[in-house]
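Input: a single structure, listed below in structure tokens.
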Amino acid sequence: MNMKAIYPGSFDPVTKGHMDIIHRSASIFDEVIVAVLENKRKESLFTIQERVKLLQQSIGELHTIKNVKVESFSGLLVDFCRQKKSNIIIRGLRAVSDYEYEMQMALVNKQLDDDIETFFLASRGEYAYLSSSIVKEVASFGGEFKDFIPECVYDKMIERLKGGQDGIN
Ligand code: ADP
């Protein structure tokens, strides 16, 4: 059986914590689709196209991952899963603080489609503190953030910081 999993998120921007989940999922499932959520109500640093491209480049940098695709979606995740003929959702869990929201999402998705199963991968200890928002916060105050994100994301963030017009928030 071909096990296809969907790893959804905002990825604004992708961090090394996300990359670790992608890497580990790719070795468990036959196929992984990283699904970047287009949420028009949520302001983002990078556009949906930029986020998709940065993920593709970050995956490319690792060379070893061959079974991961990056796509964007809007609307309900369960609809995207059906469209992709996958019933597996992957989410990462960092700390107890992630639990309530993640549990809520998993239960709602299960309610919407009983065939869907959510799999949680525990964050690696070294990335348990890492989030896209903390990276943006450190960067906006001029702190060193190179170690948190893939190299291509770093370059793009520096470019954005210099460009100024959108700022980092
Ligand atoms: P969302 O807005 O859907 O939470 P994110 O891009 O913030 O999107 O996160 C996507 C998924 O990746 C979530 O399941 C989140 O818990 C997980 N994740 C984020 N950062 C890390 C990390 N450092 N380690 C492990 N999982 C993470």
Open item on the list: Restricting to region 111-132, count the residues that are open to solvent by less than 70 Å² (accessible area, probe 1.4 Å) and within 16 Å of the ligand (Cβ to nearest atom).
Closed with: 11
Open item on the list: Given the criteria surrounded by 13 or more Cβ atoms within 10 Å (Cβ to Cβ) and within 13 Å of the ligand (Cβ to nearest atom), does Arg94 qualify?
Closed with: yes
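Scan region 141-157 for residues that are of a type outside the set (D, E, K, R), open to solvent by 50 Å² or more (accessible area, probe 1.4 Å) and on the phi < 0 side of the Ramachandran plot and report the count.
The number of residues fulfilling the criteria is 1.
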- [ ] Would you mind listing the strands (runs of 3 or more DSSP E) fully within region 56-169 where at least 2 residues are touching a Phe, Trp or Tyr at 6+ places or on another chain (Cβ under 8 Å) and within 17 Å of His23 (Cα to Cα)?
- [x] 88-93
Open item on the list: Please pick out the residue among Val36, Val78 that is within 14 Å of the ligand (Cβ to nearest atom), open to solvent by less than 30 Å² (accessible area, probe 1.4 Å) and under 15 Å from Gly9 (Cα atoms).
Closed with: Val36
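The values are calculated or read from the model by the stated rules, or taken from the named source; none is laboratory data. Keep in mind it's a predicted model, so treat the numbers as computed, not measured. Neighbour counts are summed over all protein chains in view; Cβ atoms, including those assigned to glycine, are modelled from backbone coordinates with ideal geometry. Keep in mind that these areas ignore ligands, DNA and RNA; they rest on the heavy atoms of the full protein, side chains included. Shrake-Rupley method; radii C 1.70, N 1.55, O 1.52, S 1.80 Å.
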